[in-house]
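J.: Here it is, the structure, as structure tokens.
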Amino acid sequence: MIKYNNSNINDWNFGEDNIIKVYRNDAVCYYKINTGTQPPEPEPFDGKWIAYYADESVAYSAECSSSTAITKTEVRSGSYQQYKKVIIGDCVNRIREAFQQCTAMTDVEIGTGVTGNLYYAFEDCTALTAATWYATSVNYQDGGFQRCSALQKLVMYATTPPSLTVTFFRGVNSSLVIYVPDSAVSAYQSTTYWNDFTIKGHSELPT
């Protein structure tokens, strides 16, 4: 619950745009109030990341500033355990452990700029069912989706399978389906740890 003094934020009048702009130090955070029953639709976003709260009525975002890395402190400045969906902007180049234990998160989209090690970024996100990673080239990976036990769908755009350690998919159910560029299916099917799961081409993605 977001409050200002003794006032519930839901009691405030935001005008026609239903938007309040909140500053945290020099960073700008946007809380967007959606009064309808449907969750807000993702909008074109060039900033750092967007997260929808678990009740799907509020979106939170933090803009890229001097840093293009998402830190634990930054994520945990909001109600991070209530994030339902996270969209990470293309300007981000490093996440690392930021979103660990976001236990309400069901969906994540990782922008093209993240090519380095996720390093336990989504560890113990036990409700996460779907992830999309748009980078076309990805480096060595360690622990990224460890114990994401509900993960059922991973869409990769890297044409060469990244080298993994055993921790990257540790605790992920064997029913996970990984969708990769059609030209890369055989490469993923013959690469250690990727080949523990079903590999399909993008052409087989459900519509």
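The values are calculated or read from the model by the stated rules, or taken from the named source; none is laboratory data. If you're wondering where the values come from, they're calculated on a predicted model, not measured in any experiment. Cβ sites come from the backbone with ideal geometry, for glycine too, and all protein chains shown count toward neighbours.
For (1) of a type in the set (Val, Ile, Thr); (2) in contact with a Gly (Cβ under 8 Å, 6 or more places away or on another chain), each residue gets a yes or a no:
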{"site": "125", "(1), (2)": "no, no"}
{"site": "132", "(1), (2)": "yes, no"}
{"site": "167", "(1), (2)": "yes, yes"}
{"site": "174", "(1), (2)": "no, no"}
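J.: So residue 155 clears everything in (1) within 19 Å of residue 125 (Cβ to Cβ); (2) part of a loop (DSSP other than H, G, I, E, B) except one condition, right? Which one?
T.: Against the list (1) within 19 Å of residue 125 (Cβ to Cβ); (2) part of a loop (DSSP other than H, G, I, E, B), residue 155 comes up short only on (2).
J.: On the basis of being more than 22 Å from residue 53 (Cα to Cα), at pLDDT 95 or above and not hydrophobic (A, V, I, L, M, F, W, C), does residue 152 make the cut?
T.: When the stated conditions are applied, residue 152 does not pass them.
J.: If you check 140, 157, 120, 193, which single one turns out to be under 27 Å from residue 53 (Cβ atoms) and either in contact with a strand residue (DSSP E or B) (Cβ under 8 Å, 6 or more places away or on another chain) or at pLDDT 95 or above (or both)?
T.: Only one candidate passes the filter, namely 120.
Results for (1) surrounded by fewer than 21 Cβ atoms within 10 Å (Cβ to Cβ); (2) under 24 Å from residue 59 (Cα atoms), shown as yes or no for each residue.
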position: 99; (1), (2): no, yes
position: 109; (1), (2): yes, yes
position: 115; (1), (2): yes, no
position: 121; (1), (2): no, yes
position: 126; (1), (2): yes, yes
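J.: Out of all the residues in the stretch 111-120, is one or more among the aliphatic types (A, V, I, L, M) and touching a Cys at 6+ places or on another chain (Cβ under 6 Å)?
T.: No, because not a single residue in the stretch 111-120 is among the aliphatic types (A, V, I, L, M) and touching a Cys at 6+ places or on another chain (Cβ under 6 Å).
J.: In the stretch 46-71, which residues are within 21 Å of residue 126 (Cβ to Cβ) and loosely packed, with under 15 Cβ neighbours inside 10 Å?
T.: Residues satisfying the conditions are 55, 56.
J.: Does residue 102 fit the bill of being touching a helix residue (DSSP H, G or I) at 6+ places or on another chain (Cβ under 6 Å), within 25 Å of residue 73 (Cβ to Cβ), among the hydrophobic types (A, V, I, L, M, F, W, C) and at pLDDT below 95?
T.: So residue 102 passes the test.
J.: Pull up the stretch 160-198, narrow it to residues that are hydroxyl-bearing (Ser, Thr, Tyr) and part of a helix (DSSP H, G or I), then point me to the one that is surrounded by the most Cβ atoms within 10 Å (Cβ to Cβ).
T.: 188
J.: Related question: Within the group 7, 67, which residue is over 27 Å from residue 145 (Cβ atoms) and modelled with pLDDT of 50 or more?
T.: Answer to the check: 7.
J.: In the stretch 104-138, which residue that is part of a strand (DSSP E or B) and of a type in the set (Gly, Ala, Ser) is farthest from the chain's Cα centre (by Cα)?
T.: In this case the residue turns out to be 130.
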